[in-house]
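Notes follow the structure.
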Amino acid sequence: MIFFASIMLMASMTLMLIRLLRGPELYDRVLAVNSFGTKTVLFLCVFAFLIGRPDAVDIAILYALMNFISTIAILKFFRYRALDIALSRMNRNRGAGS
Amino acid sequence: MSELLHYLEIARHILASLSLLGGGFFVVAGAIGVLRMPDFYTRVHAAGVTDTLGAVLVLFGLILLSGFTLLSAKLALVGVFLLLTSPTATHAVTNAAHIAGLKPRLGTYRTAPPPEEDNTKGPIA
Amino acid sequence: MGYAVSLSLAMAALWLVLSGHYDSTLLLSIGAGASVFSVFLAWRLHILDEETSPYHKVWRLFLYWPWLWWEVIKTNITIVRTILSPDMVLTPRMVRVKELPRTDMARIIFANSITLTPGTVSVDLDDDEIIVHAVLKEMTNKNDFAAMGARCAKAWGEKGSLS
């Protein structure tokens with residue numbers, strides 16, 4: 001049963017990779033990476049049972065936290081590196097205020 | 001007495017298997033949804049299926065398999081971290097897309113749209 | 001003081017679960033020192049308040065948890081049925097939710113609950129409204145959002161009704 005679950009998780013990871021390669025927007029890709037990370041955490045937990053080494057669960061905990069931080073970091077980088085987006089929002093707000 | 005314990009053991013394994021299979025089903029369904037949905041804002045919802053029920057069912061099945069040990073406490077910790085971080089990450093992605101001006105596709109969507117419908121209404125109903 | 005003690009105990013419990021060594025005095029004392037030091041850092045950051053260690057409110061949050069899970073399971077089944085049906089019909093909507101809890105933390109719990117239930121995602125959080133994107137128009141019922149907001153306010157221990 002653990003084997004079936006790992007096969008299903010790997011299949012869904014493959015589907016997520018297809019969305020990562022096809023995703024028309026940047027945000028589709030970020031979403032695909034984040035979801036891929038969640039599935040990786042689950043797969044690591046299942047994998048620990050599959051090979052009978054519970055140490056992999058520690059790696060899964062670490063990966064869950066790193067996945068979250070990396071998603072936030074990617075979003076922040078793309079938000080503030082693309083200066084025209086931030087400036088256009090600032091202009092819009094100023095125009096609405098005056 | 002030992003008979004009863006034996007049956008409980010069998011029930012535990014059956015429940016764990018069902019939970020693992022159900023979790024795998026929800027994870028695959030969420031992945032299919034991310035592929036099938038028409039635009040970014042709707043794909044977020046499909047990814048949410050994987051993040052909540054799929055993850056929790058898989059982890060619950062593994063906790064049942066491992067019994068009352070330190071390993072199951074660690075698995076529960078993984079579940080708590082996933083449940084705390086996934087809505088925040090989802091909100092961060094959608095909020096970034098919204099602020100960057102990505103327009104959601106509103107109105108009605110069908111996989112095989114019979115008549116052409118007007119999807120160019122205002123962004124917020 | 002209660003905040004510091006409860007947060008230290010929580011950190012120590014986390015350390016014990018993650019470490020798994022209970023027989024070495026050196027490792028146990030390092031763990032105790034680390035948990036006290038992390039609480040000291042939180043105190044230096046001025047974030048040691050009822051939002052970081054809500055020890056006197058945690059039982060209300062645990063009471064809120066089962067109701068939220070029942071909602072999550074129901075909406076999950078609806079969304080999966082929509083995804084797997086061969087003729088997928090979506091009616092995406094953007095709505096503004098105006099009836100919010102008063103305190104910041106209850107609002108955060110509310111927005112996170114909206115995001116956690118599949119089918120609704122909180123897109124933007126302002127001072128007086130939450131913009132929500134829903135994938136099916138049945139999920140944009142005003143009364144459902146108001147009920148969930150009231151439950152979140154109750155889970156954080158707010159007295160009285162909504163703002």
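The values are calculated or read from the model by the stated rules, or taken from the named source; none is laboratory data. Model, not experiment: these values are computed from the prediction. A quick note on method: Cβ atoms are made from the backbone with ideal geometry, for glycine too, and the neighbour counts reach across all protein chains shown. What goes into the accessible areas is simple: the full protein's heavy atoms, side chains included, and nothing from ligands, DNA or RNA. Shrake-Rupley method; radii C 1.70, N 1.55, O 1.52, S 1.80 Å.
Observations, loosely collected:
- Unique match (being in contact with a Cys (Cβ under 8 Å, 6 or more places away or on another chain) and either outside the structural domain of residue C:76 (by TED's automatic domain parsing) or among the hydroxyl-bearing types (Ser, Thr, Tyr) (or both)) among C:122, C:113: C:113
- With respect to the conditions (1) modelled with pLDDT of 90 or more; (2) more than 10 Å from chain A (Cβ to nearest Cβ); (3) loosely packed, with under 14 Cβ neighbours inside 10 Å, residue B:1 lacks only one, and its number is (1).
- Identity of the residue in the range A:21-70, over 17 Å from residue B:73 (Cβ atoms), free of Cβ contacts under 8 Å to residues at least 12 places away in the same chain and among the β-branched types (Val, Ile, Thr), that ends up surrounded by the fewest Cβ atoms within 10 Å (Cβ to Cβ): A:51
- Residue check for residue B:49: touching a Pro at 6+ places or on another chain (Cβ under 8 Å) and either among the polar types (S, T, N, Q) or assigned to a helix (DSSP H, G or I) (or both): yes
- Count of the range C:112-141 residues, restricted to those that are within 7 Å of chain B (Cβ to nearest Cβ) and of a type outside the set (Val, Ile, Thr), is 7.
- Residue in the range C:3-19 that is in contact with a Lys or Arg (Cβ under 9 Å, 6 or more places away or on another chain) and open to solvent by less than 90 Å² (accessible area, probe 1.4 Å) present: yes
- The residues listed here are B:66, B:17; of these, the one that is at the interface with chain A (Cβ under 7 Å from one of its Cβ atoms) and surrounded by fewer than 24 Cβ atoms within 10 Å (Cβ to Cβ) is B:17.
- Looking across A:55, A:28, one residue alone is of a type in the set (Asp, Glu) and more than 9 Å from every other protein chain (Cβ to nearest Cβ). It is A:55.
- Residue among C:104, C:87, C:144 that alone is more than 12 Å from every other protein chain (Cβ to nearest Cβ), under 28 Å from residue B:43 (Cβ atoms) and open to solvent by 50 Å² or more (accessible area, probe 1.4 Å): C:144
- For the range B:79-98, a residue qualifies if it is within 15 Å of the chain's Cα centre (by Cα), surrounded by 21 or more Cβ atoms within 10 Å (Cβ to Cβ) and of a type in the set (A, V, I, L, M, F, W, C), and the qualifying residues are B:82, B:89.
- Selection status of residue C:124, over 15 Å from the mean Cα position of the chain (by Cα) and closer than 19 Å to residue B:29 by Cβ: no
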